[in-house]
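Data block below; observations after.
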């Protein structure tokens with residue numbers, strides 16, 4: 001976190017948290033009370049102060065106040081760069097893909113050193129270019145269609161930075177539970193009481 005954020009937290013330790021104000025969509029865009037945030041300085045500030053608490057709730061620490069984030073899918077969104085490497089939606093480099101999955105809708109999810117994230121659907125071609133059969137060969141269109149929309153094992157590998165990981169299947173309804181995060185944070189019993197909520 002930014003040093004000034006840490007100092008503000010120490011100076012004002014009991015500021016009520018916000019729920020329902022901030023949202024992260026499936027393409028990694030931030031929304032504040034329904035409006036997309038576009039100012040680069042604000043996006044950079046959020047990215048530097050985006051974290052998860054011990055209950056699996058993701059938040060943005062804005063000075064002394066914590067704003068919990070509603071997630072449209074996963075806490076991370078991954079995007080490709082022209083050279084083929086990935087960045088998180090907060091612009092951190094992805095060095096290590098540990099697992100890869102495809103859900104029932106054909107969306108690709110990646111587990112990296114940052115955590116579980118959805119590959120931006122604009123970058124599906126990036127994934128397709130890195131899929132291989134188990135013996136390292138290219139993937140045919142029929143095989144690809146079965147992998148993205150079929151059932152059973154995909155029997156495909158995803159290559160990234162000189163490493164190959166199996167492409168598994170996962171149900172979208174199981175992602176939050178399997179990777180231990182909360183898509184719609186709510187206050188704990190100890191946090192209930194008067195708290196800021198969005199106004200119309």
Zone reached by a paramagnetic label modelled 7 Å from residue 159 Cα along Cα→Cβ, restricted to the range 96-136 with backbone N below 12 Å, covers 129-136
Gain upon complete extension [residue 31, residue 173; 0.36 nm per residue less C-alpha separation]: 48.8 nm
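Could you give the Stokes-Einstein D for the range 77-173 in µm² per second, using the C-alpha Kirkwood radius, 4 °C, 1.567 mPa s?
Values: Rh = 13.4 Å.
Using the Kirkwood radius from Cα pairs, D works out to 97 µm²/s.
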Which value at 222 nm does the chain reach when only helices count, each DSSP H run of 4 or more adding -39,500 (n - 2.57), with the total divided by all residues and rounded to the nearest 500 deg cm²/dmol? -4500 deg cm²/dmol
P(r) weight above 27 Å for the chain, C-alpha pairs, percent: 36
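All of the numbers you see were taken from the coordinates with simple rules; none came from a lab. Bear in mind that the values here come from a model prediction, so they are computed numbers and not experimental data. All Cβ positions, glycine included, derive from the backbone under ideal geometry; neighbour counts span all protein chains shown.
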